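Visitor: Got a structure here, written out as structure tokens. Questions coming.
What follows draws every value from the coordinates through simple rules; no lab data is involved. Because the structure is predicted, anything quoted here is derived from the model rather than measured. Note that we place each Cβ from the backbone using ideal geometry, even for glycine, and neighbour counts take in every protein chain shown.
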Amino acid sequence: MELQEYFSEEKSIYLQISEMIETDILRGVLMEEERVPSTNELAKLYLINPATAAKGINILVDNGILYKKRGIGMFVSTGAKEKILESRRNSFFDNYIKTLIEEASKLGITKEELMEMIQRG
């Protein structure tokens, strides 16, 4: 597994854990029905509290990205990659596109001019 080695101070560690696992699923490092590292393995690897790792894993379970096989561990759900892509696209729209359109409007930039700018970029 190719999880990043360093955490940013901008976000909670448990959120970064869940995002790193999602990114590994998107990149094909973790495949559907493949086992993911346990909370204890993540805690040991990153020198973090197992409860912090569990919180990150639980976000993914709640979102249907991972599921638990009793006594075996956590696994990537079927369709996880598509769910992550949809979620990240929605987030991209909400966090970037809406803001871009609002700022362009404040500056008097029309949608046509904005599209032209995007196509140039």
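Visitor: Considering segment 68-87 alone, what residues qualify as being surrounded by 11 or more Cβ atoms within 10 Å (Cβ to Cβ) and not charged (D, E, K, R)?
Guide: Gly73, Met74, Phe75, Val76, Ser77, Thr78, Gly79, Ala80, Ile84, Leu85, Ser87
Visitor: Here's something else I'd like to know. Go through the residues of segment 10-20 one by one and say whether even a single one is hydrophobic (A, V, I, L, M, F, W, C), in contact with a strand residue (DSSP E or B) (Cβ under 7 Å, 6 or more places away or on another chain) and either surrounded by 15 or more Cβ atoms within 10 Å (Cβ to Cβ) or more than 16 Å from Ser87 (Cα to Cα) (or both).
Guide: Within segment 10-20, not a single residue is hydrophobic (A, V, I, L, M, F, W, C), in contact with a strand residue (DSSP E or B) (Cβ under 7 Å, 6 or more places away or on another chain) and either surrounded by 15 or more Cβ atoms within 10 Å (Cβ to Cβ) or more than 16 Å from Ser87 (Cα to Cα) (or both).
Visitor: If you take the residues in segment 88-112 that are aliphatic (A, V, I, L, M) and surrounded by 10 or more Cβ atoms within 10 Å (Cβ to Cβ), which one is farthest from Glu19 (Cα to Cα)?
Guide: By that ranking, first place goes to Ile109.
Visitor: Scan Asn49, Asn40 and give me the residue that is more than 16 Å from Ser87 (Cα to Cα), polar (S, T, N, Q), surrounded by fewer than 13 Cβ atoms within 10 Å (Cβ to Cβ) and more than 16 Å from the chain's Cα centre (by Cα).
Guide: Of the residues listed, the single one that is more than 16 Å from Ser87 (Cα to Cα), polar (S, T, N, Q), surrounded by fewer than 13 Cβ atoms within 10 Å (Cβ to Cβ) and more than 16 Å from the chain's Cα centre (by Cα) is Asn40.
Visitor: Mind counting the residues in segment 56-87 that are among the aliphatic types (A, V, I, L, M) and part of a strand (DSSP E or B)?
Guide: Of the residues in that region, 3 qualify.
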